[in-house]
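Written below as structure tokens is the structure these notes are about.
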Amino acid sequence: MGWGWGWVLLFLAVALLCQRTSSIGANWGTQASHPLPPDIVVRMLRENGIQKVKLFDAEYDTLRALGKSGIEVMVGIPNEMLATLASSLKAAEKWVAKNVSTHISTDNVNIRYVAVGNEPFLSTYNGSYLSTTFPALRNIQIAIIKAGLQNQVKVTCPLNADVYDSSTTFPSGGDFRANIRDLMITIVKFLSENGGPFTVNIYPFISLYNNPDFPVDYAFFDGNSQPLNDGGTFYYNMFDANYDTLVHALEKNGFGNMPIIIGEIGWPTDGDSNANVDYARKFNQGFMAHISGGKGTPRRPGPIDAYLFSLIDEDAKSVQPGYFERHWGIFTFDGLPKYLLNLGTTNSGSLIQAKGVRYLQRKWCVMRPNVRLDDPQVAPSVSYACSLGDCTSLGVGTSCANLDGKQNISYAFNSYYQIQDQLDTACKFPNISEVTKTDPSTGTCRFPIMIEPYYGGAAREHSFFFPLLMAAAIAVSIF
């Protein structure tokens with residue numbers, strides 16, 4: 001009898017420990033010229049033990065591939081749809097029926113959240129979504145209730161950390177941004193009443209990128225930075241301080257027990273001097289260690305639910321925020337791990353690459369060796385190639401920073417060539433380019449071969465034009 005009770009107590013202790021362990025998921029974005037097929041990505045998620053995924057839309061093939069996987073899904077509604085959903089309950093009901101109800105009942109997709117909008121109150125949007133976000137949120141919730149799914153599916157609204165700030169620069173001074181405070185309280189109250197979490201995206205990298213005087217060590221989790229002393233509470237990293245600023249904002253407005261989800265957190269590996277593999281590994285592994293024990297933050301002890309940003313690189317993302325935008329993945333565009341990262345979910349203690357990836361032929365488009373750098377065809381050709389390709393790995397402090405002039409030009413040509421599915425005409429820069437079967441990759445700079453195009457669901461679009469200003473800047477920088 002004693003031994004029996006002993007096993008019961010042990011089981012309960014283990015169960016309690018598991019409940020207090022923080023949960024890690026991943027953001028799966030698909031803004032890529034050559035996205036991986038959804039079934040390959042789902043297999044990669046499962047083999048890496050990633051049990052939660054956050055989407056930015058409700059693409060049919062993606063959701064169908066997640067069916068019967070057991071992976072918990074947060075499905076997304078883009079900001080561009082908010083006005084329609086805000087103005088029409090019928091439109092919201094149709095959206096829920098098509099993108100939630102059908103996938104749950106027919107495909108057995110484990111949809112747990114609907115993310116209404118994505119950082120709609122960013123100050124850079126100049127208030128574009130202020131009047132439509134809450135009505136859209138309310139209509140989606142009504143539609144979920146009408147579908148009888150309110151106990152399984154909760155609404156949320158992923159917000160940037162700029163929706164709150166501190167009047168004292170300390171976490172204890174946290175409150176919602178003055179110009180949207182009333183709206184934020186309305187949204188938080190609505191979420192609380194309907195069991196929805198507060199979802200926030202926290203990015204120490206962006207703070208470092210925007211402020212050259214930001215203390216680098218404070219972005220990481222190794223405790224080497226000068227701590228912030230908030231009335232006797234010490235903060236040794238930016239994440240804890242930022243998170244607790246939100247906690248104080250919620251407490252200040254009567255929502256101290258509101259559940260919080262970290263919708264996005266991560267570190268890019270290219271496109272900026274601070275965006276590199278070493279820093280990304282240090283940040284993401286540090287974050288995993290920081291949350292693994294369920295310790296929480298000084299103000300909010302307990303497990304932290306978070307989604308790493310992001311799963312895979314996306315070469316069609318806008319580079320308006322910075323060239324690093326296309327390099328947030330812990331995996332490359334073709335599903336290769338970028339660095340050693342232990343999520344605590346695999347037996348190997350490292351990431352497992354995607355299986356079954358099919359590539360185009362092993363050939364590259366490069367600059368002819370006998371062409372001079374000052375050839376009049378070179379500059380306009382590079383500008384054209386970069387405007388339709390992806391040259392974000394070129395420039396100071398990037399993975400391809402050590403290339404010489406001709407290698408830079410070859411990289412630009414090859415990016416365009418690969419994105420154009422290696423069409424013969426895509427390597428016809430006038431008398432200055434040629435196709436080679438010798439891999440021009442060198443050092444940390446990879447000249448990629450694209451994967452075979454995936455045309456399932458929404459057709460793949462070549463809507464990833466670089467701003468011409470960027471193309472011109474890169475053309476100038478490589479000579």
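Test of understanding: what is the full-extension gain from ASN431 to ASN253, defined as 0.36 nm times their sequence separation minus their Cα-Cα distance?
Working: separation 178, 0.36 × 178 = 64.08 nm, distance 6.69 nm.
Extending this stretch completely gives an extra 57.4 nm.
Ranking GLN377, THR84, GLY266 by how far each Cα lies toward the positive end of the dipole of the chain (charges on Cβ) leaves THR84 at the top.
Quote the FRET efficiency, to the nearest 0.05, computed for LEU340 versus ARG362 with a Förster distance R0 of 35 Å and r equal to the Cβ-Cβ distance. If you can, show how the numbers build up before the last one.
Details: r = 27 Å, r/R0 = 0.76.
The formula returns an efficiency of 0.85 here.
In straight-distance terms, cross-link reach from LYS338 covers every one of the aspartates and glutamates whose alpha-carbon lies under 15 Å from its own, apart from those fewer than eight places away in the same chain; here that gives ASP270, ASP278, ASP313, GLU314. I want to check the label-to-label distance for ASP39 and SER292. Put each point 7 Å from Cα in the C-beta direction and report it in nm to one decimal. About 3.5 nm, to one decimal. A straight chain from THR442 to ILE145 at 0.36 nm per residue would run longer than the Cα-Cα distance by 101.3 nm.
Based on the Kirkwood radius over alpha-carbon pairs, what is the Stokes-Einstein translational diffusion coefficient of segment 282-338 at 4 °C with 1.567 mPa s viscosity, in µm²/s? Show your work: numbers first, answer last.
On the way: Rh = 13.1 Å.
So the translational diffusion coefficient is about 99 µm²/s.
Fully extending the segment from ASN194 to ASP424 would add 77.2 nm, taking 0.36 nm per residue of separation and subtracting the current Cα-Cα distance.
Which FRET efficiency, nearest 0.05, do ALA97 and TYR125 yield, Cβ-Cβ r, R0 35 Å? Please report the intermediate quantities before stating the final value.
Details: r = 29 Å, r/R0 = 0.83.
So, using R0 = 35 Å, E works out to roughly 0.75.
Among ARG64, ARG326, the sequence by solvent-accessible area, most first, with a 1.4 Å probe is ARG64, ARG326.
State in Å² the accessible area per residue of the chain; use a 1.4 Å probe, count heavy atoms of protein chains only, and round to the nearest integer. Walk me through the intermediate numbers first.
Details: 21190 Å² over 479 residues.
Value for the chain: 44 Å² per residue.
Counting only aspartates and glutamates at least 8 places from LYS406 when in the same chain, those with an alpha carbon closer than 14 Å to its own are ASP374, ASP375, GLU434.
Using 23 Å as the Cα-Cα cut-off, could you pick out the over-long pairs in LYS98/LYS355; LYS282/LYS363; LYS146/LYS189; LYS90/LYS146; LYS54/LYS252?
Details: LYS98/LYS355 30 Å; LYS282/LYS363 34 Å; LYS146/LYS189 21 Å; LYS90/LYS146 11 Å; LYS54/LYS252 29 Å.
The pairs that break the limit, which is 23 Å between Cα atoms, are LYS98/LYS355; LYS282/LYS363; LYS54/LYS252.
With all protein chains in place and ligands, DNA and RNA left out, the 1.4 Å accessible area ranks ARG300, ARG46 as ARG46, ARG300, largest first. Between the listed residues SER105, ASN48, PHE190, the Cα displaced farthest toward the positive end of the dipole of the chain, a dipole computed from Cβ unit charges relative to the Cα centre, is found at SER105.
Taking the longest Cα principal axis of the chain as reference, the axis of helix 38-47 is set at about 60 degrees. For THR169, the solvent-accessible surface computed with a 1.4 Å probe is close to 110 Å², ligands and nucleic acids excluded.
Mind putting a number on the dipole of the chain about its Cα centre? Charges go on the C-beta only, +1 for Lys and Arg and -1 for Asp and Glu, and I need it in Debye to the nearest 20. Write out the running numbers ahead of the final one.
Details: 37 positive and 42 negative charges, 229 e Å.
Its charge dipole is roughly 1100 debye.
Taken about its Cα centre, segment 95-228 carries a charge dipole of roughly 740 debye when the Cβ of each Lys and Arg holds +1 and the Cβ of each Asp and Glu holds -1. Taking the three principal axes of the alpha carbon atoms in segment 271-420, the coordinate ranges are 63, 35, 24 Å, sorted in descending order.
The values are calculated or read from the model by the stated rules, or taken from the named source; none is laboratory data. Note that this is a predicted model, so its numbers are computed, not measured. We place every Cβ from the backbone using ideal geometry, glycine too, and count neighbours over all the protein chains shown. Surface accessibility is based on the protein's heavy atoms, side chains included, excluding ligands, DNA and RNA. Shrake-Rupley method; radii C 1.70, N 1.55, O 1.52, S 1.80 Å.
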